[in-house]
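Only one structure is covered here, and it is reproduced in the block below.
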Amino acid sequence: MSRLAETFAELERRGSCAYIPYICAGDPDLNFTAELVRTLDKNGADIFEIGLPFSDPIADGPVIQAAMKRSLAAGFRTEKVFELISDMRKSSVSKPFVVMSYFNPIFKYGVKRFCEDLSSSGGDALLVVDLPPEESQYLRNHCRNTGLDIIRLVTPTTEESRLDYLLSDASGYVYAVSVAGTTGQRDNVHNNVPSLIQKTRGKTSLPIAIGFGISRPEHVRSAVSMGSSGVIEGSQLISMYSANLDDRAHALRNIAEHAESMKSSTGTK
Amino acid sequence: MNKNGYFGDFGGFFVPEILVSALKELDREYRSLSTDMEFADELSHLLETYAGRPTPLFSAKNLSKECGGAKIYLKREDLLHTGSHKINNALGQALLAKRIGKTRIIAETGAGQHGVATATACALLGLRCEIFMGEVDVERQKSNCYRMNLLGAKLNVVKGGSRTLKDAINEAMRDYAATSDDTHYLIGSVVGPHPYPTMVRDFQSVIGREARSQILSLEGRLPDALVACVGGGSNSIGLFHPFVADASVRMFGVEAGGKGINSGMHSASVVKGTDGVLHGAMTLVLQDEDGQINETHSVAAGLDYPAVGPEHAFFSRSKRVEYRAISDDEAVSAFHHLSESEGIVPALESAHAISFASKLANDMSREQSIIVCLSGRGDKDVNQIAAMEGKL
């Protein structure tokens, strides 16, 4: 059983849903990223999505674009993501790590080498934003060989007739994109989420986690009531520290408090 | 092209899931319309009566004489309505979008020529239009910005990244992800995910079809060489494609060498790029060793792009087309030279092709001929060059 499968099984037993923070690696530097992971680990995170910065993130809104830009400007290199995960494992963070990336940095690093290094550093899964199953054959084989889960996105524009194919190589969980568009905060969880979950649920027994626009405890409660097994939060966390970079300790305290309130809203399933 | 839009190892469909259904629909609709005679007739009618096709193939005798070698012919896409070849594709895709029930069009633009062509097609066909343009390009192409507004389009100034064409495409794709139910993304070059590289090539191939029959009637034989500038690569693919099977015809794609191809300040994606994925396609990309996309430079905004259409990457690998770089200085000098020798002010993009063709002609004999795609007119560049030369 993969670490992700164990995590969801355990949450299911406790009647809870997964709180999955997204963290942009190296924003504004790798020391801060490590502190952020440790803070979230102690304050409610169940799974970590680690974003690998890319110069041209076409699926991301302004907050994550800016985070990636800061990370790259500070000299982020691809192999740093493996060092980060490996360091976290050494400092006894035992929760699953999902690396979320655009394809080009992986392609350039070498798909085989990337999968091997991610797996041996202690990573659990790969989500490649711009690599649909049509283009995934090579990556799929290497994920299998190295024991990595492949996280697939289902979206409001995904036709039901595509779901079987789309989810045929998925494992770990399914990332349901709540709204057509890019990442970023929104006021409410979109009202098409229940139907998105329902149509996906008809095609897979994998846990379904909701992302895009999750930033407040009431969003978590809505997502849980809509049948979600997890919530993914990204832009909000970045906004909480990016405005506060001169006082990192303060930013981390705010984030700890926020994460706790998000996690405590996951337990009503 | 084979399955999923591959040209050899290049092309494909590297897109976020949110765009998959819209692109598959576009592919289906485009394939069904490409055999629809009524659609073809409607497009030809517009190209003739509105855009001004066919364009002349002009024998540039003064330039040829100065170069002292092969006869240089200019395919006069600069004479088209809106001033460049971009209208061929804009009309084709706008008609297609209207047929499939889209009411809003978005497009990226670099030099502004594709933005103007798209705004024009939308005005004609009654479609809402928004154009994305990098802040740097807005600055160097002010008159085209005004033209887009005049034509009823909304201009969105893109302030992210390098603030040029690449970022305009990023922003248009982000918009498309949220709006594809009523919006068509009218890509202006042979770049992007399948089906764009094929579709845009097909709409631009009218350039080469006309040129082929024109040169045959003027010279009684095929040309010895074709020359066209390559940014994303739409005018060049359009000229080249109908000659691909003619083995005796050499083809040259001319990229922006900027301040020199070893300076890091250029846009020569084929000459200097490596395999990578940008904007939905596997192609040749200017990137660092981690796969982060490099910032590029060219005096010509329309060439200032860190990748190239995947079919060009294929033609480069298969050696069917040869790729060369021409520097900013050489292009500006050709801009002046063609103006003085033939009374034709070329777009800075096209001036790259003129510059290379002049050198090439010199190495060829008088019995031989070259067709250069004069993809656009230089009116848009006059202010920029005058300012650079301190004459404004």
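If you run the Gaussian network model on chain A, springs between alpha carbon atoms under 10 Å, then out of A:Pro96, A:Pro21, A:Pro133 the most flexible one is A:Pro133. Here each label is just a point 7 Å from Cα along the line to Cβ, and for B:Ser248 and B:Arg221 those points are 0.6 nm apart.
As a ratio to 2.2 N^0.38 Å, the alpha-carbon radius of gyration computed for chain B takes the value 0.90. Structural descriptor for region A:141-199: relative contact order 35 percent, calculated from alpha carbon pairs under 8 angstrom and at least 6 residues apart. In this structure, A:Asn188 and B:Asn262 have a Cβ-Cβ separation that, at R0 = 60 Å, corresponds to a calculated FRET efficiency of about 0.65.
Close amide H pairs (under 5 Å, H built 1.01 Å from N) link B:Tyr323 with B:Gly253, residues at least 5 positions away or on another chain. Compared with the dominant Cα axis of chain B, that is its longest principal axis, helix B:17-33 is turned about 60°. Against the longest principal axis of chain B, how steep is helix B:328-342, in degrees 0 to 90 to the nearest 10, with axes from Cα atoms? Tilt of helix B:328-342: around 70 degrees.
Normalising the average separation of contacting C-alpha pairs (under 8 angstrom, six or more residues apart) by the number of residues puts the relative contact order of region A:3-264 at 22 percent.
Heavy-atom surface analysis with a 1.4 Å probe gives the protein assembly as shown a carbon and sulfur content of 49 percent of its accessible area. Among the cysteines of chain B, B:Cys67, B:Cys145, B:Cys229, B:Cys373 have no other cysteine beta carbon within less than 4.7 Å of their own. Would you calculate the separation in nanometres between label points at B:Asp182 and A:Ala74, each defined as 7 Å from the Cα along the Cα-to-beta-carbon direction? Going from the B:Asp182 label point to the A:Ala74 one covers 4.2 nm. Contact-buried residues of region A:102-134, at a threshold of 30 Å² lost accessible area versus the chain by itself: A:Phe103, A:Asn104, A:Phe107, A:Lys108, A:Asp130, A:Pro132, A:Glu134 (1.4 Å probe; DNA, RNA and ligands ignored). Here the calculated FRET efficiency for A:Ser225 and B:Arg317, from their Cβ-Cβ distance with R0 = 60 Å, stands at 0.65, rounded to the nearest 0.05.
Pairs exceeding a 31 Å alpha-carbon distance, out of A:Lys90/B:Lys272; B:Lys98/B:Lys319; A:Lys80/B:Lys159; B:Lys71/B:Lys380; B:Lys71/B:Lys319: A:Lys90/B:Lys272; B:Lys98/B:Lys319.
3J(HN,Hα) couplings calculated from phi for region B:307-320 with the Karplus curve 6.51 cos²θ - 1.76 cosθ + 1.60 (θ = phi - 60°) are, in sequence order, 9, 8, x, x, 5, 5, 4, 5, 5, 6, 5, 7, 6, 5 Hz; Gly and Pro show x. Across region A:58-74, rounded Karplus estimates of 3J(HN,Hα) from the backbone phi angles (6.51 cos²θ - 1.76 cosθ + 1.60, θ = phi - 60°) give 6, 9, 10, x, x, 5, 6, 4, 5, 5, 5, 5, 4, 5, 5, 5, 7 Hz, Gly and Pro being marked x. When its C-alpha radius of gyration is set against 2.2 N^0.38 Å (N residues), region B:214-287 gives a value of 1.34. Surface analysis of chain B yields an accessible area of 34 Å² per residue, using protein heavy atoms and a 1.4 Å probe.
Both chains summed, the buried accessible area for B and A stands near 2900 Å², from protein heavy atoms and a 1.4 Å probe. Contact residues in region B:289-313 by the 50 Å² criterion (accessible area, 1.4 Å probe, full protein complex versus chain alone): B:Asp290, B:Gln292. Close amide H contacts of A:Asp60 (hydrogens built in the peptide plane, cut-off under 5 Å, sequence separation of 5 or more or a different chain): A:Thr183.
Potential lengthening of the chain between B:Ser143 and B:Ser32 amounts to 36.1 nm, from the contour at 0.36 nm per residue minus the alpha-carbon distance. Translational diffusion of region A:3-264 was estimated from the Stokes-Einstein equation, with Rh taken as the Kirkwood radius over Cα pairs; at 25 °C and 0.890 mPa s the coefficient is 135 µm²/s.
Projected label points at A:Glu35 and B:Asn362, each 7 Å from Cα along the beta carbon direction, are separated by 6.2 nanometres. Per residue, the solvent-accessible area of region A:3-264 (1.4 Å probe, heavy atoms of protein chains only, all protein chains present) comes to 36 Å².
For the pair A:Asp87 and A:Arg13, a Förster radius of 35 Å applied to the C-beta separation gives a FRET efficiency near 0.70, rounded to the nearest 0.05.
Coupling constants for region A:234-239 follow from the phi torsions by the Karplus curve (6.51 cos²θ - 1.76 cosθ + 1.60, θ = phi - 60°), and in residue order they are x, 4, 4, 4, 5, 4 Hz; glycine and proline get x.
Normalised by the number of residues in chain B, the mean separation of alpha-carbon contacts (under 8 Å, six or more apart) gives a relative contact order of 21 percent.
Taking every alpha-carbon pair in the protein assembly as shown and binning the separations at 20 Å intervals from zero gives 19, 49, 26, 6, 0 percent. Under a 5 Å amide H cut-off, with hydrogens placed 1.01 Å from N, B:Glu108 pairs with B:Phe132, B:Gly188 among residues at least 5 apart or on other chains. Helix B:86-99 and the long axis of chain B differ in direction by around 20°, with both axes built from C-alpha atoms.
Comparing B:Ala107, B:Ala123, B:Ala300 in a Gaussian network model of chain B where C-alpha atoms under 10 Å apart are linked, the largest mean-square fluctuation is found at B:Ala123. Counting only protein heavy atoms, probe 1.4 Å: which residues of region A:148-196 lose 50 Å² or more of accessible surface in the full assembly compared with their chain by itself? Hits at the 50 Å² cut-off: A:Thr157.
The values are calculated or read from the model by the stated rules, or taken from the named source; none is laboratory data. Being a predicted model, the structure only gives us computed values, none of them experimental. Here the Cβ is made from the backbone with ideal geometry for all residues, glycine too, and neighbour counts use every protein chain on show. Ligands, DNA and RNA are stripped out before the accessible areas are found, and what is left, the full protein with its side chains, is counted by its heavy atoms. Shrake-Rupley method; radii C 1.70, N 1.55, O 1.52, S 1.80 Å.
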